[in-house]
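Chemist: My structure is below; once you've seen it, I'll send some questions.
The values are calculated or read from the model by the stated rules, or taken from the named source; none is laboratory data. All values derive from a computational prediction rather than experimental measurement. Cβ placement follows ideal geometry from the backbone for every residue including glycine, while neighbour counts extend to all protein chains displayed. Please note that ligands, DNA and RNA were not included when accessible areas were found on the heavy atoms of the full protein model with its side chains. Shrake-Rupley method; radii C 1.70, N 1.55, O 1.52, S 1.80 Å.
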Amino acid sequence: MKNPITLQTLTIAAVIILLQNIYVTTADLRSDAQALLQFASSVPHVRKLNWNSTIPICTSWVGITCNDEGTRVIAIHLPGHGLFGPIPQNNIGKLDALRILSLRSNFLNGTLPSDILSIPSLQFLYLQNNYFSGHISTPLSPQLSILDLSFNSFSGNIPQTLTNLTRLTSLNLQFNSFTGQIPELNLTRLRLLNVSHNSLNGSIPSSLQNFPVSSFSGNSLLCGPPLSQCSFLAPHYSPNTPLSHNKHNKTLGIGVILAIGIGCLLFIILLAVFLFCFLKTKDEDSVGNRGIGRTPLDWEARVKISLGAAKGLSTIHSEGGVKFTHGNIKSSNILLSTDFSACISDLGLAPIMNFPPIKPRYIGYYAPEVIETHKFTQKSDVYSFGVLLLELLTGKSPLPSSGHDEVVDLPRWVRSVVREEWTAEVFDEELMKHPHVEEEMVQMLQIGLACVARVPDMRPSMDEVVKMIVDLRSSDSSEHRYSSEDNRSKGSNAQTP
Ligand SMILES: *[C@@H]1O[C@H](CO)[C@@H](O)[C@H](O)[C@H]1NC(C)=O
Ligand SMILES: *[C@@H]1O[C@H](CO)[C@@H](O)[C@H](O)[C@H]1NC(C)=O
């Protein structure tokens with residue numbers, strides 16, 4: 001009688017252990033999901049993540065990879081997703097089975113939470129092309145194999161503890177603001193090192209002297225092989241000391257200086273033009289702000305503004321050559337006179353230096369490729385102009401509101417509504433009060449949608465945009481419209497027996 005009871009007990013125990021295991025693993029995946037949802041709600045993003053507790057995390061969440069068993073999240077890939085703002089502490093760091101984290105080419109800023117760098121399983125960390133600042137905190141995950149923090153604003157010393165990362169094969173710290181000496185790094189697996197364009201000083205440690213010159217260039221106070229010999233006078237005599245702290249000055253050739261000169265001239269000319277036509281600056285938050293004392297713009301005014309701005313941008317593009325971009329087209333940069341003549345302002349010098357000052361609050365105007373590469377082109381100006389047109393047509397702000405995954409950018413919203421054939425729904429209700437303009441509005445909407453095409457080559461040039469807006473007017477001027485309507489009604493009358 002004893003045996004069956006023992007067997008029974010064992011079976012029950014086995015079942016309990018099995019259930020416990022299942023519970024533990026689902027709890028881990030659940031806590032991973034919890035941390036990710038918290039990340040999505042606290043870090044605003046332009047591209048939709050589609051993270052939602054009702055759909056399976058391992059197969060349907062954008063950018064998420066699980067282990068083979070589907071029990072833990074092991075990788076996050078969100079490059080160029082238009083993520084902006086800081087990453088909160090105690091968030092990504094909770095994903096303690098994470099091996100790969102790629103958040104490169106976003107607009108993330110603030111300090112990097114220390115718990116991310118110390119995730120014990122972390123092997124690959126790609127954070128290049130963001131706006132992170134502050135010091136690199138330690139401890140660092142001993143599993144790290146690739147650490148890429150390049151093109152950020154990190155400062156402070158390169159931590160000595162990097163030398164403990166025996167698995168490190170690639171260390172990219174170029175284009176930051178690291179200071180002090182490079183620590184001796186005895187890392188036998190290290191194949192790729194780049195600390196160029198920082199503010200490092202002193203001599204290059206002997207363990208790193210076999211790396212090429214370009215691993216170290218752009219640090220004016222760094223010396224020793226493979227750079228030139230250290231001399232005690234060398235760091236201080238330079239007559240260009242103030243400039244030499246600028247990490248980009250070395251790339252400023254004569255061409256760029258010339259371009260800056262031409263840019264300045266253009267800027268002054270445009271400024272003079274503005275002084276003539278500037279009477280009223282449109283407020284940053286207006287073509288939806290209907291506060292007391294504000295009159296919504298009628299359709300005539302909106303067309304005039306569109307055409308004026310299109311002509312201005314087209315002139316900027318044709319006068320400046322193919323590489324000349326505005327880089328900051330947004331409604332607050334369109335200045336209006338009392339008769340709604342539009343001028344474009346804020347033609348900065350930054351774009352020609354290819355170092356645009358990207359601000360997260362204007363992210364709604366940036367083309368997808370700008371979000372990815374941080375580089376402006378004439379086609380990305382066209383995209384921004386398209387967003388401006390959609391803003392004029394819909395009366396809606398192009399900024400994605402922060403933290404809510406359902407909220408998408410203006411072009412995507414308009415596209416989705418038009419696809420469902422609710423075209424009339426997209427227009428600003430103020431405009432719908434004027435009964436005869438809908439056809440023009442639909443045409444203008446087509447122009448706007450052409451400008452915000454995803455593929456840059458599919459977008460029209462500003463020249464073509466100007467022509468399209470002019471055509472829209474000439475094919476459908478108000479007299480023509482009314483007279484054709486008269487004719488139509490007369491015609492139908494005539495046919496009535
Ligand atoms: C390097 O710069 C730091 C300040 O960032 C300074 O304290 C130190 O003396 C400098 N060392 C050398 C060798 O120039
Ligand atoms: C280091 O980075 C700079 C800037 O991206 C690049 O020009 C240079 O070729 C790189 N050098 C190495 C050895 O990777």
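Chemist: Output yes when any residue across the range 157-172 is at pLDDT below 95 and farther than 27 Å from residue 206 by Cβ, and no when none is.
Modeler: Looking for residues that are at pLDDT below 95 and farther than 27 Å from residue 206 by Cβ, one finds none in the range 157-172, hence no.
Chemist: Which condition number in (1) surrounded by 15 or more Cβ atoms within 10 Å (Cβ to Cβ); (2) in contact with a strand residue (DSSP E or B) (Cβ under 9 Å, 6 or more places away or on another chain) is the one that residue 153 fails?
Modeler: For residue 153, the exception is condition (1).
Chemist: Further, regarding this structure: Among the residues of the range 165-189, what is the count of those that are within 18 Å of residue 99 (Cβ to Cβ), within 16 Å of ligand 2 (Cβ to nearest atom) and part of a loop (DSSP other than H, G, I, E, B)?
Modeler: Residues flagged as within 18 Å of residue 99 (Cβ to Cβ), within 16 Å of ligand 2 (Cβ to nearest atom) and part of a loop (DSSP other than H, G, I, E, B) within the range 165-189 amount to 2.
Chemist: Taking the condition at pLDDT below 75, open to solvent by 80 Å² or more (accessible area, probe 1.4 Å), assigned by TED's automatic domain parsing to the domain that holds residue 381 and at positive phi, does residue 421 pass? Steps first, answer last, please.
Modeler: Numbers: at pLDDT below 75: yes; open to solvent by 80 Å² or more (accessible area, probe 1.4 Å): yes; assigned by TED's automatic domain parsing to the domain that holds residue 381: yes; at positive phi: yes.
Answer is yes for this residue.
Chemist: How many residues, within the range 133-169, are farther than 29 Å from residue 372 by Cβ and within 16 Å of ligand 1 (Cβ to nearest atom)?
Modeler: Total meeting the criteria: 3.
Chemist: Of these, 121, 53, 133, which one is polar (S, T, N, Q), part of a loop (DSSP other than H, G, I, E, B) and within 24 Å of residue 162 (Cβ to Cβ)?
Modeler: 121
Chemist: Hey, can you tell me all the residues within the range 372-394 that are more than 13 Å from the chain's Cα centre (by Cα) and of a type in the set (Lys, Arg)?
Modeler: 379, the sole residue that qualifies.
Chemist: Determine whether residue 32 is within 18 Å of residue 96 (Cα to Cα), open to solvent by 50 Å² or more (accessible area, probe 1.4 Å) and either of a type in the set (D, E, K, R) or modelled with pLDDT of 90 or more (or both).
Modeler: Here the answer is no, as residue 32 does not meet what is asked.
Chemist: Right, here's the next one. How many residues does the range 170-207 contain that are open to solvent by 50 Å² or more (accessible area, probe 1.4 Å), away from ligand 1 (no atom under 16 Å from the Cβ) and of a type outside the set (A, V, I, L, M, F, W, C)?
Modeler: Residues that pass the stated criteria total 4.
Chemist: Looking at residue 300, is it charged (D, E, K, R), surrounded by fewer than 19 Cβ atoms within 10 Å (Cβ to Cβ) and modelled with pLDDT of 75 or more? Working first, answer last.
Modeler: Numbers: charged (D, E, K, R): yes; surrounded by fewer than 19 Cβ atoms within 10 Å (Cβ to Cβ): yes; modelled with pLDDT of 75 or more: yes.
Yes; evaluated as a whole, the condition is true for this residue.
Chemist: Here is a list of conditions, (1) at pLDDT 95 or above; (2) in contact with a strand residue (DSSP E or B) (Cβ under 9 Å, 6 or more places away or on another chain), and residue 230 meets all of them except one; can you say which number that is?
Modeler: Failing condition for residue 230: (1).
Chemist: Among what's in the range 190-211 and is part of a loop (DSSP other than H, G, I, E, B) and closer than 25 Å to residue 109 by Cα, pick the residue that is nearest to ligand 2 (Cβ to nearest atom).
Modeler: Filtering the range 190-211 for residues that are part of a loop (DSSP other than H, G, I, E, B) and closer than 25 Å to residue 109 by Cα, the one nearest to ligand 2 (Cβ to nearest atom) comes out as 196.
Chemist: Spot the failing condition for residue 63; the list is (1) surrounded by 16 or more Cβ atoms within 10 Å (Cβ to Cβ); (2) in contact with an Asp or Glu (Cβ under 8 Å, 6 or more places away or on another chain), and only one is missed.
Modeler: (2)
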